[in-house]
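Just below is one structure, and these are the notes that go with it.
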Amino acid sequence: MTKLFVNNLTIIDSSLLDQDRGLVGESWRVDVELEGSLNQQGMVLDFADIKRQVKQTIDQYFDHKLLVPANNPNCDITDSNGTTEIEFQLNSGAVIRHHSPTTALGLIATGQVNTETLTTAIVDRLTPGLPENVDNFRLRLHHEPTSDPSFHYSHGLRQHAGNCQRIAHGHRSRIEIYQDGERNQELESEWTELWRDIYIGNRSDLIRRLTSGNDDYYQFGYRAEHGEFRLELPKRLCYLIDTDSTVENLAQHIADSLKQSHLQSGFQVRVFEGVDKGAIGTS
């Protein structure tokens, strides 16, 4: 048998529901390995075919989606004419509610969405479509290797023409802050802690404030090209800004906020949107 591998084939940027952490943005790199006999071309499978098949499947079913643990007893799912309602109770007793077109969701047959259960779901989705000469298919999801502090954020971009308009998708990201030309890791840690497991919402998308039980809630909502989106979650899990939460605006927001508290300093802020891409804000 011959083995074939492709490292960093694609990136998954999604959010998931977690009973302890709430709504969690995540980014994974994807590596694949295939084992099988050689075909008539002397290949296990053409690299172009591997990349196309794996990426198409991930893009269609898992990327830029809210990943939902469909078998969790604290998760209620209601489908109606291409629209799905999710009600997910956290261990704290608080509730997250999500309304969207069904295509904005990735329903995973598990009680908890994590790297392992998502890997299994992707392999199960991909395996039936592989050619007969492929005997084993392995997939590895892993985070960007870095010692820098990271934050997990979720958001939705109402005006985006593509899948970023989904109201709850997210990223695992880094921040680099330079104060007067010198990197300031203390400020980086402060911002990554502030935005740990956060939903960054545009204030203009906030349609309702309410109190239920022991929690105050924010409800966001908008209509976009793909349909109607609503998201309700505890206020303590949210951070409001006055613009769309594009990475360009996030970088500038941090730079402007730092300038307000350090009037004599100049700042350059690099905010990553997932892996190996982002924007720079200056003040």
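The values are calculated or read from the model by the stated rules, or taken from the named source; none is laboratory data. From a predicted model like this one, the values you see are computed outputs, not experimental measurements. Ideal geometry is used to build each Cβ from the backbone, glycine not excepted, and the neighbour counts take in all protein chains shown.
Restricted to region 53-161, the set of strands (runs of 3 or more DSSP E) holding at least 1 residues that are of a type in the set (Lys, Arg) and touching a residue at least 40 places away in the same chain (Cβ under 8 Å) comprises 95-101, 134-142.
Of all residues in region 187-214, those being basic (Lys, Arg) and in a strand (DSSP E or B) number 2. Confirm whether Ile177 is buried (at least 19 other Cβ atoms within 10 Å of the Cβ) and modelled with pLDDT of 95 or more. It is true that Ile177 is buried (at least 19 other Cβ atoms within 10 Å of the Cβ) and modelled with pLDDT of 95 or more.
The single residue among Thr78, Thr103, Thr119, Thr110 that is modelled with pLDDT of 95 or more and more than 30 Å from Ser212 (Cα to Cα) turns out to be Thr119. Can you report the number of residues in region 180-201 which are buried (at least 16 other Cβ atoms within 10 Å of the Cβ) and over 21 Å from the mean Cα position of the chain (by Cα)? Total satisfying the criteria: 2. Selection over region 215-256 of residues that are assigned to a helix (DSSP H, G or I), over 20 Å from the mean Cα position of the chain (by Cα) and surrounded by fewer than 17 Cβ atoms within 10 Å (Cβ to Cβ) gives a count of 1.
Please work out which residue is farthest from Cys164 (Cα to Cα), limiting yourself to region 197-218 and to residues that are among the aliphatic types (A, V, I, L, M) and free of Cβ contacts under 8 Å to residues at least 40 places away in the same chain. Across region 197-218, the extreme among qualifying residues is Leu210. Residues of region 124-165 that are crowded, with 17+ Cβ neighbours inside 10 Å and among the basic types (Lys, Arg): Arg158 alone.
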